[in-house]
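This report refers to the structure that appears directly beneath it.
The values are calculated or read from the model by the stated rules, or taken from the named source; none is laboratory data. None of the values given here were measured: they were computed from a predicted structure. Counting neighbours? That spans all protein chains shown, and the Cβs are built from the backbone with ideal geometry, glycine included.
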Amino acid sequence: MKINWNYPTSIWVGENRIKELAQACIKLKISSPLFVTDKDLINLEMVNIVISDIKKTFKNLTIYSKFSGNPIGEDVEEGVKIYKSKKCDGVIAFGGGSGLDVGKAIAFMAGQSRPIWDFEDVGDYWKRADEKNIAPIIAVPTTAGTGSETGRASAIINKKTGIKKIIFHPKFLPSIVILDPVLTVDLSPRLTAATGMDALAHNLEAFCAPSFHPLADGIAIEGIKLIKRSLLKAVEDGKNLNARLDLLAAASMGSTAFQKGLGAIHSLSHPVNAKFNIHHGLSNAIFMPYVLTFNKNEIEKRILSVCDYLNLSKNFDSFLEWILDLRNKLNIPHKISDVIDVETIDIKELSKMAYEDPSTTSNPKKLNQNDMEILYKHSISGKLF
C-alpha cells in the first residue's frame, strides 16, 4: 500500500517509500541536505543503504550523528555549526525521537541569533524566532513512539540545569514525513514495546486533557485503538508490516493530538529522563497507571467512552486492567524503583522539576509540587491510588 496524506503535513505512507527520499528533497528544493541521525543508528546496514541511495542524487550529502538518546543543547549547536560550514539548505531528520528532535532543532536554530532556550514552550516565546530563515525539514521515523515527525517541538536537555526543555515553534513541523514500516522491522521487542507505550501515553493524555478540542479527541481515541490492535503483534512478530504501520500511524496521531495538552505522565517522566537517562517511553509506561488512578475522578467519564470504542467492559477498572495487562505482557517494570536505584533519587528535586514541566498545566486534575512528590513515592512503592 502506498498513500499520501496531507494532514497535519504532507505524509508519504507505505512500504519502501524511503526510496523516494531524494524526490522529497527535490520537491522542497533542497540541494545540499544535512542528514541527521544518532550514533546508535549510523552504522546499521539499513541506514547505510538509505545514505548510499540518496548520495546517488546528492553527492555532497553531509551527515551528522554525534549524539545519542536524550540529546542536549550542545548537540544542536554542533549540528548548526556543521550545517552552516557545509552550506546546507535543508535537513533530513532520520531515526527515533532523538534523531528527529535534533534534526528539527538544527533546521530551526540555523536561522536564529538567540540561544535555543529563548524558544522554550512558554507563552509566546516562539514569536521571538526569525521565521524566514528556518530550513525545510524532511522527517523519517524509524521507531513508532515519539511522533516527533508530526510534532511542532523538540525535547532538548539543558546540560547546565539538567532539565529537559520543550523547544517550540509551529515551523518545527516537517514539510514532508515518510512513514515506511520497513524501516521499523528490525526494532527490538524491547524498544518496540517502549516506543509503543510512548505513543499510547501521547494519545491517552491528549484525550484526557481538559480543554475543548474535538479534532484532537477523535485522532487520539483512534490512535489508542490502533495501539491496542497492533502493539503486541509487532512485539511478537517484528516483520508484521501491517502492525508496524499501525504503530507508525498511532505515533504520528499522538503527537498531532497532544497539541491539546499532555499531563502528569510526561511531567513525571521528563525529570527522570534528564537525570537518569531512562528511555522516555519506558518511564511513561511505568508512570501511566499511577497517574490514571490519581486522576480517576476527573477522567472517568472520558475513559468510559474509550472503553466503548476498545470493546472493553464499560468501567474504569476494565481500562486500568487492560493497561496493567499490556504492561505485563510487554515486560514493563511496575515500579520506577525497578529501573533506578532509590538511593540516588532526590524526590524533592524531581518533584520541583515535574511541577514546573509544561505538561503539568494540562493535567486533568490540578497539581501542586506535593502531588508530584506523592506520585513519585507511589511509583517507587508500587501502590496505585
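Overview of results
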| item | result |
| --- | --- |
| Filter result for the condition that a residue is in contact (Cβ under 8 Å) with a residue 24 or more places away in the chain, in contact with a Cys (Cβ under 9 Å, 6 or more places away or on another chain) and over 29 Å from residue 219 (Cβ atoms), over 32, 65 | 32 |
| Residue that is nearest to the chain's Cα centre (by Cα), among those in segment 319-373 that are part of a loop (DSSP other than H, G, I, E, B) and under 30 Å from residue 125 (Cα atoms) | 357 |
| Output for segment 237-270, where each listed residue is of a type in the set (D, E, K, R) and free of Cβ contacts under 8 Å to residues at least 24 places away in the same chain | 237, 246 |
| Residue in segment 149-172 that is modelled with the lowest pLDDT, counting only those that are in contact with a Lys or Arg (Cβ under 7 Å, 6 or more places away or on another chain) and under 19 Å from residue 94 (Cα atoms) | 155 |
| Tally, over segment 244-273, of residues that are surrounded by fewer than 24 Cβ atoms within 10 Å (Cβ to Cβ), assigned to a helix (DSSP H, G or I) and out of contact with any His (no Cβ under 7 Å at 6 or more places or on another chain) | 2 |
| Residues of segment 236-254 classified as in contact with a strand residue (DSSP E or B) (Cβ under 9 Å, 6 or more places away or on another chain) and under 30 Å from residue 210 (Cβ atoms), total | 4 |
| Tabulated pairs, segment 328-357, first in contact (Cβ under 8 Å) with a residue 40 or more places away in the chain, second loosely packed, with under 12 Cβ neighbours inside 10 Å and among the small types (Gly, Ala, Ser), C-beta under 6 angstrom, 6+ apart or interchain | none |
| Qualifying residue in segment 319-331 (condition: among the β-branched types (Val, Ile, Thr), out of contact with any strand residue (DSSP E or B) (no Cβ under 9 Å at 6 or more places or on another chain), on the phi < 0 side of the Ramachandran plot and surrounded by fewer than 16 Cβ atoms within 10 Å (Cβ to Cβ)) | no |
| Some residue of segment 201-214 being assigned by TED's automatic domain parsing to the domain that holds residue 280, free of Cβ contacts under 8 Å to residues at least 24 places away in the same chain and outside any helix (DSSP H, G or I) | yes |
| Residue match in segment 289-306 (condition: modelled with pLDDT under 95, more than 21 Å from residue 276 (Cβ to Cβ) and surrounded by fewer than 19 Cβ atoms within 10 Å (Cβ to Cβ)) | yes |
| Test set (1) at pLDDT below 95; (2) surrounded by fewer than 22 Cβ atoms within 10 Å (Cβ to Cβ) - residue 97 fails condition number | (2) |
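Conditions (1) over 26 Å from residue 223 (Cβ atoms); (2) touching a Ser or Thr at 6+ places or on another chain (Cβ under 9 Å), marked per residue:
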site: 82; (1), (2): yes, yes
site: 89; (1), (2): yes, yes
site: 101; (1), (2): no, yes
site: 111; (1), (2): yes, no
site: 134; (1), (2): yes, no
site: 154; (1), (2): no, yes
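Listed here are the residues, each with its yes/no results for (1) within 19 Å of residue 10 (Cα to Cα); (2) touching a residue at least 12 places away in the same chain (Cβ under 8 Å); (3) in contact with a strand residue (DSSP E or B) (Cβ under 8 Å, 6 or more places away or on another chain); (4) surrounded by fewer than 19 Cβ atoms within 10 Å (Cβ to Cβ).
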position	(1), (2), (3), (4)
92	yes, yes, yes, no
101	yes, yes, yes, no
118	no, no, no, yes
132	no, yes, no, yes
142	yes, yes, yes, no
170	yes, yes, no, yes
174	yes, yes, yes, no
178	yes, yes, yes, no
